[in-house]
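Report on the following structure.
No value in this document is a laboratory result; all are computed from the given coordinates. A quick note: this is a predicted structure, and the numbers were derived from the prediction, not measured. Because the Cβ atoms are built from the backbone with ideal geometry, glycine has one as well, and the counts that use them run over all protein chains shown.
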Amino acid sequence: MTTKALSIFDRSILVPAVVNAFRKLHPRGMVRNPVMFVTLAGAVVTTAELAAAPFRGEDIGFILQIAVWLWFTVLFANFAEAMAEGRGKAQAATLRKSRTQTLANRRGRGGFLETVPAETLRKNDVMVVKAGEVIPTDGDVIEGAATVDESAITGESAPVIRESGGDRSAVTGGTRVLSDEIVVRVTADPGESFMDHMITLVEGASRQKTPNEIALTILLAALTIIFLIVIMTLKPFGVYSRVTFSIPVLVALLVCLIPTTIGGLLSAIGIAGIDRLVQKNVLAMSGRAVEAAGDVDVLLLDKTGTITIGNRQASEFFPAAGVKPEELAAIAQMASFADETPEGKSIVFLAKGFGLRGRELHDLSHAQFVPFTAKTRMSGVDVENRQYRKGAADAIREFIGTALPAEVEADVDRISQMGGTPLVVADSQKVFGVIYLKDIVKGGLPDRFKRFRAMGIRTIMITGDNPLTAATIAKEAGLDDFLAEARPEDKLALIRREQAAGHLVAMTGDGTNDAPALAQADVGVAMNSGTQAAKEAGNMVDLDSNPTKLIEIVEIGKQLLMTRGALTTFSVANDVAKYFAIIPAMLVATFPQIAALNVMNLHSSRSAILSAIIFNALIIVALIPIALRGVTFRPMGAVAILRRNLLIYGLGGLVAPFIGIKLIDIAITWLHLA
Amino acid sequence: MNPMGWLQLFVFIFLLVALTKPLGLYLVRVFDPEAGTFVDPVIKPVERLFYRFLGINPAEEQDWKGYAASLLIFSVVGMLFTYGILRLQQWLPLNPQGLGPLSPDLAFNTSASFTTNTNWQSYVGESTMSYFSQMVALSFHNFASAAVGGAVAAALVRGVSRDKMAGIGNFWVDLIRQSLYLYLPLCLLLAVFLVSQGMIQNFSPYASAKTIETGAVQTIAQGPVASQVAIKMLGTNGGGFMNANASHPYENPTPLSNFLQMLAIFAIPSSLTYYLGRMVKNQKHGWSVWSAMFLLFLAGVLVCWWAESRGNPRLTALGVDAAYGSMEGKEVRFGIFNSALFATITTDASCGAVNAMHDSFTPLGGLVPLFNMQLGEVVFGGVGSGLYGMMIFVVLAIFLAGLMIGRTPEYLGKKIEAFDVKAAALAVLIPAVLLLGFTAWATISRWGIAGLNNSGPHGFSEILYAFTSAINNNGSAFAGLSANTPWYNTTLGLAMLCGRFFVIIPVLALAGNLAGKKTVPQSAGSFPAFGPTFTLLLVGTILLVGSLTFLPALSLGPVVEHFLMINSQNLF
């Protein structure tokens, strides 16, 4: 996916959104949103009143302004939704462009290759893709290995390796093979490939309301019904009290009272939430999954890649009895010069701290390097009859043919217990000591997990290590719990256990054996580099294949729900000020004494009503950036978050319209609009 | 606002707080058929007898539909029973005055009124009801309707506290246990105490007395008053034995009886919040709900007291001493403070007993009782109905603001989803729509206007008050409205039935749905349903919903009347 970040109000989105705001006026779409449908109906009624006004000898100007602002209210809400959809549509268009007509080399019945259009490929067909060709559709590599450029979907230009067997066998349609040739079994029928899914998802074409959105819509509909009754009964109350309420004024009051702010922005918030995930290169298969991410309270995190960087590093030397630390460092360095692995390099780097800078490779011109093999489990160097080796304790034991010295054995045990990997350094006769290789916990994690704990989220590390090692790393990284010596089925059992206790669980996974757990988890994030089975089992796919992103996914889910709640609270709290603007304005002609309720000291009845309706329309536009970006997210405990947001959006929602309506009143009075 | 008033208010609050925990703990036992109480030796055999006689297995629980069906059947049968007695009272015993049958519309209105715990009285007690009608037809409901309210509250509390269960209790068991273990013993104690204060309790014919006016003879009504008054207050019924209700010397003889009656109104509703906290294993939640109720109560008392003690500026202009406050329509024995406190309590709880005429309150003083009822009778509220009404607002408040913590809203571990929102919204929507609808009909119909004794905003307040009181099952009247007409009897009767049962059904549905959900464990990230923030949020939600719904109507009634009073020369 092109990760070119579009600003929220990019021109390429703005212009189509304005057009779409009008297109969305179609009642069939509007009826899905009860609040805005009532507003639309109000706009229509007021327009009809406007048309009738000249025949009744009524003043047109005032009714015209009300009608115009009612139409604006509807259009602004539509515009917000169109804006939210705009970014996804732009991305979908880019994706479509990259998917040109491709041809496929399908292996026919007799084993012959035939060239067919990509659309004719069906599941379980077998195709051959050569270097330089675009992979026609999704599949699993069944023969060979190749480097593939997946930048079309991930935006990452570095090629990746795809090979048969194992967890890196899935290839995606639309990506390009750079080298070698692979035989691929097709896994998706036309229209169902990953790319197709992705286009539908970012476009939001198949968007359905999420459970929480449905519940909120019910509440908003209930509020709308209450206000409809309030307004409808005002007419007979007015007959009794000898107050005449004109239809446009009643409609204006109704539209001010029904929660148009949240009603108008609700779908935009949902779309923008999914879009924010897309910006992070995560595809959510449904809005429901994003909502669930906000509710997650248990995170299962794989140790390698998520909590620790993949490689271990040398952190300390433990010399044997009678060996100076410098001596051990020198030998260890020598044994690692030829070792290009990150572990080997880290040993050289550590040894430099002992002032062993001078020795260079040419000093060892006669040396013979012994690389690491799975059989010997050692590596080293042979110099002038001496064989320097570093390796696992039992491998070295075998190499020297005798038991290790007692103090070295003790160091080996101690390092294991601390969660590290001990490497013993020796030559053919003598044991020099032990190198302590340590798992490196990614920076900033303990702090992050601490904030998660404050939010009531428990983090559990999953690792194949022994419990001792696991406990040490879990402690260092600040995790709440760990599952050691974990097999895939243990992972599944753990998820089931947590869920039975009422928790919602999120996890990441890439292998086929992760698929059941991914499917069971409430939020299962599959790595794009993983197998097809894993991707199908999860409800999100991370295109960057970065397991740490799980944390950001949870944050985006929470932010989505917070934005929805904040704007709902704001919207409802706004009504108080609108009452103070409109009620005195409506009654003052009959009961002049009620002018005392005009606390904002608005200029006239008409300016008061107009100011309220204008504020009501403009606030939708003003809040579009918050709806699209989401409210500021701060990981804190629920009590603190609630207090903070109630202050900002509850109290703010009470106060802001008093100021806003007054300012608009001053403006329209100055412009002689009322 | 004199020091004696402040002192009384303080003592009242102190005793209310002191009562809440012990009575709450007792309620936990009352609502648990397995639990024993100290009255078991006497009452347990009676309870067993009831079960055997009615063929009830107390261990068998009902789902919400079964519970609702039992409740409705019980209420319908009870209402028909009362209707029958009222229509046939001339042939029934204990009728020394030989009072005739009630008209069909009045009998409908009265039986609906007592079935729904409203106790709206379109009739004049002492000149309409025989002792038998008072004691059997009406008193039966005073016990039963209170128990129905308590049962629904217990069912909802069970819904919140249970984890993945279908049952929300057994209606018949809840009904019988409350009557036997709660109301009977408490009423016995209270009635004896009230008799000690001089309240009458007899079956005598009415007495005649020569007054100091020459030749004038006054008929003084008699009757079994104390026993009726005890359940009238404890069951938040409020239907007076006498027409003058708690301002009649026989029905409220001393300051102490007045004080205790007020305390009796709040006793059970207040303790139910403790029961809630105990059942959901979060006593802080119980006290937070209590605090929300308390804050709304306190604000109401203070506004009402302040408004009444300021007096009426128009009367002050005519030379009436403002220092005595607005004494029109108040018992001199009780004065401003006790009238204001009683009016606030009786309308906070859906009691409806009165010791002063709310119609005569100043516009703002009268606004308080009216608005209290419009908030949905959740400020302590009726027995049971106050708690379940409040919990509906808890659900709505949590749903509105709960999203702001970044999780789908949860009420003590129960996720609030579409069904729950639907049920809660209906429970708020139905009374609001009925209230405004009926009032609108009355204000433009011949029959509605015919009952008015005042015109203008005050007349509007009278109609609004009548339907507010009926729909929220309060039963107090603004007076000034001649409501004993076929139109008012029928519409108010329907309003009471709808306002009661169209709320109970969604509440039970909510209870059943919550009970069936799994309970999400509480953590630092869960919605904090306790503490000052939550309490203020709850108070804010109640005030917002109430004022947004009723502000336009109130503006045309008491609000405009207030401004007319202080800003014009018109005298009301």
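Mind listing the long-range amide H neighbours of residue B:517? Cut-off is under 5 Å, sequence gap 5 or more, other chains count too, H placed in the peptide plane at 1.01 Å from N.
Amide H neighbours of residue B:517, under 5 Å, 5+ apart: B:164, B:165.
I'd like the per residue volume of the convex hull spanned by the Cα atoms of the stretch B:406-564, given in cubic angstrom.
132 Å³
Once phi is turned into ³J(HN,Hα) by the Karplus curve 6.51 cos²θ - 1.76 cosθ + 1.60 with θ = phi - 60°, what whole-Hz value does each residue of the stretch B:357-367 show in order, with x for glycine and proline?
8, 5, 4, 8, 4, 5, x, 6, x, x, 5
Classify the protein assembly as shown as rounded, prolate or oblate from the Cα gyration tensor: take a ≥ b ≥ c as the square roots of its eigenvalues, call it rounded if a/c is under 1.5, otherwise prolate when a/b beats b/c and oblate if not.
Because a/c hits 1.5 or more and a/b exceeds b/c, the protein assembly as shown counts as prolate.
If you count, for each residue, the other Cβ atoms within 10 Å and average over each peptide, how do A:646-654, B:110-118 line up from highest to lowest?
Taking the mean over residues of other Cβ atoms within 10 Å, the ranking is B:110-118, A:646-654.
Please identify the GluC sites (Glu not before Pro) of the stretch A:476-562 that satisfy two criteria: DSSP loop assignment and at most 13 other Cβ atoms within 10 Å. Which are they?
A:485
Just counting partner chain Cβ atoms within 10 Å, what average do the residues of peptide A:623-636 show around their Cβ?
Shielding by partners across A:623-636 averages 1.
Please report the net charge: other residues with Cβ closer than 11 Å to the Cβ of residue A:510, K and R +1, D and E -1.
-2
Let me check I've understood the local charge: for residue A:603, count other residues with C-beta under 14 angstrom from its C-beta, Lys and Arg +1, Asp and Glu -1. What total comes out?
Net of charged neighbours comes to +1.
For residue A:125, which sequence-distant residues (separation of 5 or more, or a different chain) have an amide H within less than 5 Å of its own amide H, given hydrogens modelled in the peptide plane?
Distant-sequence amide H within range of residue A:125: A:186.
State which stretch of chain B is the longest one without any exposed trypsin sites (Lys or Arg not before Pro), exposure meaning a DSSP loop state and at most 11 other Cβ atoms within 10 Å.
Within chain B, the longest run free of exposed trypsin sites (Lys or Arg not before Pro) spans B:282-572.
Enumerate the calculated ³J(HN,Hα) couplings along the stretch A:84-95 in order (Karplus 6.51 cos²θ - 1.76 cosθ + 1.60, θ = phi - 60°), each rounded to whole Hz, writing x wherever the residue is Gly or Pro.
5, 6, x, 5, x, 5, 4, 5, 4, 5, 4, 4
Residue B:166 to residue A:672: FRET efficiency via 1/(1 + (r/R0)^6), r the Cβ-Cβ distance, R0 56 Å, to the nearest 0.05?
0.25
Provide a whole-number value for the mean count of partner chain Cβ atoms within 10 Å of the Cβ atoms in peptide B:435-442.
Going residue by residue through B:435-442 and averaging, the value is 4.
Using the Karplus equation 6.51 cos²θ - 1.76 cosθ + 1.60 (θ = phi - 60°), what ³J(HN,Hα) coupling, rounded to whole Hz, does each residue of the stretch B:432-445 give in order, writing x for Gly and Pro?
Rounded to whole hertz, the list is 4, 5, 4, 4, 5, x, 4, 4, 4, 4, 4, 6, 10, 9.
Over what distance in Å are the Cα centres of the stretch A:222-252 and the stretch A:381-421 separated?
Each part reduced to its Cα centre gives a spacing of 89 Å.
Let me see the pair-distance distribution of the stretch A:505-654: every alpha carbon pair, 10 Å bin width, integer percents in order.
11, 25, 20, 18, 12, 8, 6, 1
For the peptides B:503-514, B:197-208, what is the packing order when you average, over each peptide's residues, the other Cβ atoms within 10 Å and list the highest mean first?
Order by mean packing, descending: B:503-514, B:197-208.
When the scattering of the stretch B:344-424 is computed by the Debye formula from its Cα atoms alone, each counted once and equally, what is log10 I(q)/I(0) at q = 0.12, 0.23 Å⁻¹?
-0.47, -0.97
Around residue A:433, under 15 Å between beta carbons, what's the net of Lys plus Arg minus Asp minus Glu among the other residues?
Combined, the nearby Lys, Arg, Asp and Glu give -2.
So what's the convex hull volume per residue for the Cα atoms of the stretch B:372-483, in Å³?
For the stretch B:372-483, the hull spanned by Cα atoms encloses 116 Å³ per residue.
Using 23 Å as the Cα-Cα cut-off, could you pick out the over-long pairs in A:450/B:518; A:450/A:549; A:24/A:558?
A:450/B:518; A:24/A:558
Could you compute the longest span of chain B free of GluC sites (Glu not before Pro) located in DSSP loops and having at most 14 other Cβ atoms within 10 Å, not counting the site residues?
Here the longest segment lacking exposed loop sites spans B:214-572.
Would you please give the FRET efficiency between residue B:543 and residue A:417, computed as 1/(1 + (r/R0)^6) with r the Cβ-Cβ distance and R0 = 51 Å, to the nearest 0.05?
0.25
Test of the criteria: in the stretch A:205-267, which trypsin sites (Lys or Arg not before Pro) are in a DSSP loop and have at most 15 other Cβ atoms within 10 angstrom of their Cβ?
Passing sites in the stretch A:205-267 are A:242.
Once the Cα gyration tensor of chain B is diagonalised, what are the square roots of 5 times its eigenvalues, in whole Å and ordered largest first, as equivalent ellipsoid semi-axes?
Three semi-axes, in Å: 35, 29, 23.
Name the lysines eligible as straight-distance cross-link partners of residue A:130: C-alpha to C-alpha under 30 Å, and not fewer than 8 places from it in the same chain.
Once the sequence-local lysines are set aside, what remains near residue A:130 is A:4, A:97, A:535.
Taking every residue in A:450-459, how many Cβ atoms of other protein chains lie within 10 Å of its Cβ, on average?
3
Restrict the search to the stretch A:370-431; then list the trypsin sites (Lys or Arg not before Pro) that DSSP places in a loop and that have at most 12 other Cβ atoms within 10 Å of their Cβ.
Here the trypsin sites (Lys or Arg not before Pro) that fit, given the DSSP loop and packing criteria, are A:375.
Treat the count of other C-beta atoms within 10 Å as a stand-in for reagent exposure and order B:23, B:492 from fewest to most.
B:23, B:492
Amide H of residue A:370 versus every other amide H placed in the peptide plane: which residues, excluding those fewer than 5 positions away on the same chain, fall under 5 Å?
Hits under the 5 Å cutoff: A:380, A:381, A:382.
What's the percent breakdown of Cα-Cα distances in the stretch A:555-629 across 5 Å bins, shortest bin first?
3, 15, 21, 17, 13, 10, 9, 6, 4, 2, 1
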